[in-house]
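S.K.: Submitted below is the structure of interest, expressed as structure tokens.
The values are calculated or read from the model by the stated rules, or taken from the named source; none is laboratory data. On a predicted model such as this, the values are computed, not experimentally measured, just so you know. Here the Cβ positions follow ideal geometry from the backbone for every residue, glycine too, while neighbour counts run over all protein chains shown. The accessibility values were calculated without ligands, DNA or RNA, using every heavy atom of the protein model including side chains. Shrake-Rupley method; radii C 1.70, N 1.55, O 1.52, S 1.80 Å.
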There are 2 protein chains.
Amino acid sequence: MLTYSFENRGSDSLYEHLYKQIKADIVSYRLAPDERLPSKRALSKHLNISTVTVESAYAQLLAEGYIYSVPKSGYFVSRLSSAAASAVKPEHLPTAGEGEEFFADFSGSYSEKEAFPFSVWARLMRETMSVSAEKLMVRSPSAGISELREAIAAHLRAFRGMEVRPEQIVVGAGTEYLYGLIIQLLGRERVYALEDPGYRKIGRIYEANRVPCAYIPMDEHGVDPAALGKSGANVLHISPSHHFPTGIVTPVSRRYELLSWACSAPGRYIIEDDYDSEFRLLGKPIPPLQSIDLMGKVIYINTFSKSLSSTIRISYMVLPTELMREYESRLSFYSCTVSNFDQYTLAAFIKGGYLEKHINRMRNHYRTRRDELIAAIRSQPHFARVRIKEEDAGLHFLLELQTSLSDSEISSRCRSAGLRISCLSEYYHTSPGDSRTLLINYSGLEAGHTEEAVDRLFSAIWP
Amino acid sequence: MLTYSFENRGSDSLYEHLYKQIKADIVSYRLAPDERLPSKRALSKHLNISTVTVESAYAQLLAEGYIYSVPKSGYFVSRLSSAAASAVKPEHLPTAGEGEEFFADFSGSYSEKEAFPFSVWARLMRETMSVSAEKLMVRSPSAGISELREAIAAHLRAFRGMEVRPEQIVVGAGTEYLYGLIIQLLGRERVYALEDPGYRKIGRIYEANRVPCAYIPMDEHGVDPAALGKSGANVLHISPSHHFPTGIVTPVSRRYELLSWACSAPGRYIIEDDYDSEFRLLGKPIPPLQSIDLMGKVIYINTFSKSLSSTIRISYMVLPTELMREYESRLSFYSCTVSNFDQYTLAAFIKGGYLEKHINRMRNHYRTRRDELIAAIRSQPHFARVRIKEEDAGLHFLLELQTSLSDSEISSRCRSAGLRISCLSEYYHTSPGDSRTLLINYSGLEAGHTEEAVDRLFSAIWP
């Protein structure tokens, strides 16, 4: 009969201790495969413990497959695979490097820590938790809660002049996630056309999803329609309100041309990525493609991570009616990826007018930042050797340099001067060679660093 | 010269009013394509407004593409496409129906409203906002903040006996999102094997991502290895700790057999979906496949949406070292889909011991619920005609009925009796015919409804 001591069992319960001892005997083959275990009653008598204890231990062993039961016959040791190997600890993984420290960062990769309306957000979150506790526990529809979708529709009407019904809106945890949904919605048989140059992450997402991509060259009005026509693409992904990185705003005539492309063959769509339209610094924002699309060809996509904070992961897309039907029938089994907390808080934030205030405040803030920066550039002795381009549209502009340095020389000099900066040429898929043009994103520039940063930049190029 | 009245301009600024009037003239062809606009100075004089006003209006028109500029020559009207059509409002979309009202819901699709530790969560969220304000604004690494990944690793050690490094963990907004990442990580060339019967959503996700699926039949220990071997699959997606819907717990010997399958050809992986392991009601939870995998073949995946609340969208996966390297190099450009607020709050929730308390409390709660339900079933006069199966593992069990009714007759009778219920046969991909077995999920059963619900069920089947 199995005999175990219950003395040194530490904090284990009797049953746990028994379970572990029997298991150890099975794993070490002290108990042979198919050996019959004593009956619960016999073992409990033998070890002077209760039947319940033995029963629990056997039940655990049974559930884990170490033993099996034969009705009216009892419990037997399972036949384990001989693959039991010694524990090998996987080696330590390198954690992602935090990168260098820079005096000034023109890459736009830092968020504005002071800018986020933290206290308002916190207050609304508290209110949401106390007022909407009941609602918070109800599962969100796949496309998002109706309060938020209504608030977004109202925001789009006020800020972008868009007539959108809340039922056309799909909320998700970031535009990157929504791109994935779009690929599932439109299918992988299509060729996706991307801007060249363009925001590199978009290409990476399509490639990670293994859909065929075509890179379309840009002229001064945006994507080149002739090249688009020849590309064999079915889906065009563009940011016509403010192209990244060139800053180009696609004019209305070109927009109609692109819509005409979309309508001239079945199954064509345009994904309009309106990522920083709120931050147009001169005049009103430009009406989106979506609002002149009458054939249901445009998927409009935008994010609150840009206008609020990158730590808020809420984006949304506006689907044409037909695609929304398709979404409802094929993809609405997906749960919404944004937590109810965040959804209700954002809805209250928009409805309370805080988003509008925030955007206005940020626009002023960025305008000041930009004006300071341009003034600093203008006051440089070598000012005549640079040209500032596309400074009105977003949070960055281009700086063309008259220099014989190559782009990689420019980059390495900037880096040595403590400046994080990128060259336009880095954003091309098919290499355009040296453009001698810098991308100046001022959203992450720290207050008080402007003049010295510009001094360092010019001294790096013209020492 | 263009002549406009500035009288009825409502709340518009002078420049906005001017911009709108000129735009209206362009769209209506009162201004012809390529027509030259008056110079800013001339127009400002003519209309008796400031040059700045005209300048702003022209700049807006220019940015929107309604006019174009020719250096040293002036501004001209753009040639618009003739596609300007009348505004067609898309018709109203049906919103997703809220479904019927049921007296009792055995489908498990409702969340436990009272159960979520709301006040603790709210307090931790407030603390997070006041203590970690600075950190909240720093962008999360792609795989999640280290505080949360450390907390999850500690939780897995305590609750599942798993030795996992925080660097192996990837946090995401729901398991469904993580499945999508896994597909991108492992690739679409592979065949994904799924349990049949199984949780239908998993198949839908793979199919929505257009990856080939093989449905593998189950025997009483889980997925059938012989059928798996013949299927041509490279990736196996299973829930060995508690299969849905059958409740089968895959024994250790079968687990080794499946690991042996994974090791017997290159590029094979097992996705271990451990969705409700916390709620095993008898004994300790069963050690996961991941902890006996020494070859880096198992991707472990689990969620807090089940153990906490479906409104919290936080899940995670544990990748083998090699796949984590692959993730870092190929997919870490993705932003984390969970907001920092939720990540820091959950980290504090786990570290403070609240998750453990919550799970214990819920386990007791579910045990009581289950015992009540089983007692109610046992007290039925027709009790001898049913058999309860697999009642220890999760939040549901199976109820086999001795009846000549078909599954669809059973379903429709239950529905008429106000019961939301599903049959095991609904979860098969390849039809197994009528199983006359009900799935009884008691997680959504309202307190006090148990006895009447059981009465209704039995009277529906045996009137």
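S.K.: Rounded to the nearest whole Å³, what is the per residue volume of the convex hull around the Cα atoms of segment A:112-194?
M.R.: Working: hull volume 13.4 nm³, N = 83.
Enclosed volume per residue, from the Cα hull, is 161 Å³.
S.K.: Another question, then. How would B:162, A:295 rank on accessible area, largest to smallest, probe 1.4 Å? Show your work: numbers first, answer last.
M.R.: Numbers: B:162 0, A:295 130 Å².
I get A:295, B:162, largest accessible area first.
S.K.: Name the residues whose placed amide hydrogens come within less than 5 Å of the amide hydrogen of residue B:213, ignoring near sequence neighbours (fewer than 5 apart) on the same chain.
M.R.: B:192
S.K.: Per 20 Å bin, what is the whole-percent P(r) computed from every C-alpha pair distance within the protein assembly as shown?
M.R.: 12, 40, 31, 13, 3, 0
S.K.: For the protein assembly as shown, what is the accessible area per residue in Å², given a 1.4 Å probe and the full set of protein chains? Could you put the intermediate results ahead of the total?
M.R.: Working: 38220 Å² over 926 residues.
So the protein assembly as shown comes to 41 Å² accessible per residue, rounded to a whole number.
S.K.: Hey, got the Cα dimensions of segment A:279-377 along the principal axes, in Å, largest first?
M.R.: 55, 35, 24
S.K.: May I pose another question? Looking at the square roots a ≥ b ≥ c of the eigenvalues of the Cα gyration tensor of segment B:156-237, which shape do they give, rounded for a/c under 1.5, prolate if a/b is larger than b/c, or oblate?
M.R.: On the way: a/c = 1.93, a/b = 1.31, b/c = 1.48.
In terms of gyration-tensor shape, oblate.
S.K.: Any idea what the dipole of segment A:363-463 comes to, in debye rounded to 20, about its Cα centre with Lys/Arg Cβ at +1 and Asp/Glu Cβ at -1?
M.R.: On the way: 13 positive and 14 negative charges, 12 e Å.
Around 60 debye, computed over segment A:363-463.
S.K.: Can you tell me the order of B:302-309, B:321-328 when each peptide is scored by its average per-residue count of other Cβ atoms within 10 angstrom, highest first?
M.R.: Numbers: B:302-309: 22.5, B:321-328: 17.6.
Ranked by mean Cβ neighbours within 10 Å, highest first: B:302-309, B:321-328.
S.K.: Using only helices, what value at 222 nm comes out for chain A when you add -39,500 (n - 2.57) per DSSP H run of length 4 or more and divide by the total residues, to the nearest 500 deg cm²/dmol? Could the numbers behind the result be given before it?
M.R.: Values: 16 runs with 176 residues, N = 463.
Computed ellipticity for chain A at 222 nm equals -11500 deg cm²/dmol.
S.K.: Under 5 Å between amide H atoms, partner at least 5 residues away or on a different chain: which partners does residue A:269 have, H built in plane at 1.01 Å?
M.R.: A:235, A:236
S.K.: Using a simple spin-label model with points 7 Å from Cα along the Cα→Cβ vector, what separation in nm is obtained for residue A:264 and residue B:135?
M.R.: 5.6 nm
S.K.: Just to confirm my numbers, what's the Cα centroid distance between segment A:344-395 and segment A:244-318 in Å?
M.R.: Their Cα centres are 20 Å away from one another.
S.K.: Sticking with this one: How far, in whole Å, is the closest Cβ of chain A from the axis that maps A onto B, and which residue does it belong to?
M.R.: A:173, 2
S.K.: Explain nothing, just compute: Karplus ³J(HN,Hα) = 6.51 cos²θ - 1.76 cosθ + 1.60, θ = phi - 60°, for every residue of segment A:184-195 in order, whole Hz, x for Gly and Pro.
M.R.: 5, 6, 8, x, 9, 7, 7, 9, 9, 8, 10, 6
S.K.: Take every DSSP beta bridge whose two residues both sit in the protein assembly as shown, then give the antiparallel share in percent to the nearest 5. Before the final figure, lay out the partial values.
M.R.: On the way: 52 of 88 bridges.
Roughly 60 percent of the DSSP beta bridges within the protein assembly as shown come out antiparallel.
S.K.: Taking the Cβ-Cβ separation of residue B:163 and residue B:295 as r and a Förster radius of 22 Å, what is the calculated FRET efficiency to the nearest 0.05?
M.R.: On the way: r = 15 Å, r/R0 = 0.69.
Once the sixth-power term is evaluated, E becomes 0.90.
S.K.: Taking the simple approach of a point 7 Å from Cα along Cα-to-Cβ for both residue B:120 and residue A:119, what is their distance in nm?
M.R.: For the pair residue B:120/residue A:119, the computed spacing is 3.2 nm.
S.K.: Let me check the size of chain A from its C-alpha atoms; what are the radius of gyration and Dmax in Å?
M.R.: 31.1, 99
S.K.: If you count only protein heavy atoms and use a 1.4 Å probe, how large is the accessible surface of residue B:15, to the nearest 10 Å²?
M.R.: So the heavy atoms of residue B:15 present about 40 Å² to solvent.
S.K.: So, one more: Helix B:118-131 versus the longest principal axis of chain B: what angle, 0 to 90°, nearest 10, using Cα atoms?
M.R.: That works out to roughly 50 degrees.
S.K.: Largest first and in whole Å, what are the equivalent-ellipsoid semi-axes of segment B:124-171 based on the Cα gyration tensor, each being the root of 5 times an eigenvalue? Display every interim value, and only then the final one.
M.R.: Details: eigenvalues 113, 37, 7 Å².
Equivalent-ellipsoid dimensions as semi-axes: 24, 14, 6 Å.
S.K.: Turning to a different aspect of this structure: For the Cα atoms of chain B, what angle does the longest principal axis make with the long axis of helix B:14-27, in degrees from 0 to 90, nearest 10?
M.R.: Helix B:14-27 and the main axis of chain B meet at about 90 degrees.
S.K.: Per-residue Cβ counts within 10 Å, from other chains only, averaged over B:180-191: what number is that?
M.R.: Values: counts 7, 2, 0, 4, 6, 1, 0, 1, 3, 1, 0, 0.
Averaged over the peptide's residues, the number is 2.
S.K.: In peptide A:60-73, what is the residue-averaged number of other protein chain Cβ atoms found within 10 Å of each Cβ? If you can, show how the numbers build up before the last one.
M.R.: Details: counts 6, 3, 4, 13, 11, 12, 3, 2, 3, 0, 0, 0, 0, 0.
Whole-number average of other-chain Cβ neighbours for A:60-73 is 4.
S.K.: Further question: Taking all protein chains as present, what is the carbon and sulfur share of the accessible area of segment A:380-463, in % to the nearest whole number, probe 1.4 Å? Provide the component values of the computation, followed by the final result.
M.R.: Values: 1610 of 3840 Å².
The computed percentage sits at 42.
S.K.: For the pair residue A:27/residue A:426, report the inter-label distance in nm, with labels modelled 7 Å from Cα in the Cβ direction.
M.R.: 5.0 nm
S.K.: Something else: Evaluate peptide B:147-160: per residue, the Cβ atoms of other protein chains within 10 Å of its Cβ; return the mean as an integer. Before the final figure, lay out the partial values.
M.R.: Values: counts 0, 0, 0, 0, 0, 0, 0, 0, 0, 0, 0, 0, 0, 0.
Mean partner shielding for this stretch: 0.
S.K.: Taking the label point 7 Å from Cα in the Cβ direction, how far apart in nm is residue B:409 from each other copy of itself, listed shortest first?
M.R.: 8.9
S.K.: Still on this structure: Kindly identify residues of segment A:221-265 having a loss of at least 40 Å² in accessible area between the isolated chain and the assembly of all protein chains, probe radius 1.4 Å.
M.R.: Buried on complex formation: A:252, A:253, A:256.
S.K.: I'd like the orientation of helix B:407-416 relative to chain B: the angle between its Cα long axis and the longest Cα principal axis, in ° from 0 to 90, rounded to 10.
M.R.: 70 degrees
S.K.: Among B:10, A:377, B:225, whose Cα sits farthest toward the positive end of the charge dipole of the protein assembly as shown (+1 at Cβ of Lys/Arg, -1 at Cβ of Asp/Glu, about the Cα centre)?
M.R.: In the protein assembly as shown, that residue is B:10.
S.K.: Output the residues of segment B:283-322 meeting this criterion: accessible area (heavy atoms, 1.4 Å probe) in the chain alone minus accessible area with all protein chains in place is 20 Å² or greater.
M.R.: Output list: B:283, B:284, B:286, B:287, B:294, B:310, B:311, B:313, B:321.
S.K.: Right, here's the next one. What are the distances, in nm and sorted shortest first, from the label point of residue A:138 to the label points of the same position in each other copy, with each label point placed 7 Å from Cα along the Cα-to-Cβ direction?
M.R.: Residue A:138 label point versus its equivalents elsewhere: 3.9 nm.
S.K.: Apply the Karplus parameterisation 6.51 cos²θ - 1.76 cosθ + 1.60, with θ equal to phi minus 60°, to every residue of segment B:361-378 and state each ³J(HN,Hα) to the nearest whole Hz, in sequence, with x for glycine and proline.
M.R.: 3J(HN,Hα) across segment B:361-378, in whole Hz: 4, 5, 5, 4, 4, 5, 4, 4, 4, 5, 5, 4, 5, 5, 4, 5, 5, 5.
S.K.: Work from the charge dipole of segment A:242-311 (Cβ charges, +1 for Lys and Arg, -1 for Asp and Glu, about the Cα centre) and give the residue of A:267, A:252, A:311 farthest towards its positive end.
M.R.: Working it through, the farthest residue towards the positive pole turns out to be A:252.
S.K.: Please give the FRET efficiency for residue B:409 paired with residue A:154, using the beta carbon to beta carbon distance and R0 = 56 Å, rounded to the nearest 0.05.
M.R.: Working: r = 49 Å, r/R0 = 0.87.
Given R0 = 56 Å and the Cβ-Cβ separation, E is 0.70.
S.K.: Expressed in nm², what is the orientationally averaged projection area of the convex hull enclosing the Cα positions of segment A:320-389?
M.R.: That works out to 8.9 nm².
S.K.: Okay, moving on. With the Cα gyration tensor of segment B:402-463 giving a ≥ b ≥ c as the square roots of its eigenvalues, does the rule (a/c under 1.5 for rounded; else a/b larger than b/c for prolate; else oblate) give rounded, prolate or oblate?
M.R.: oblate
S.K.: Check which residues have an amide H placed less than 5 Å from residue B:222's amide H, if you skip close sequence neighbours.
M.R.: Excluding prolines and chain starts, which carry no amide H, there are no hits.
S.K.: I've got another one for you. Take the alpha carbon atoms of segment A:139-171, find their center, do the same for segment A:1-45, and report the distance between the two centers in whole angstrom.
M.R.: Here the two parts' Cα centres lie 61 Å apart.
S.K.: List the distances, in nm to one decimal, from the label point of residue B:51 to the label points of the same position in every other copy, shortest first, placing each label point 7 Å from Cα along the Cα-to-Cβ direction.
M.R.: Label-point distances to the other copies, shortest first: 10.4 nm.
S.K.: What's the buried accessible area, both sides, between B and A using a 1.4 Å probe, rounded to 100 Å²?
M.R.: Working: alone 23180 and 23190 Å², together 38220 Å².
Roughly 8200 Å².
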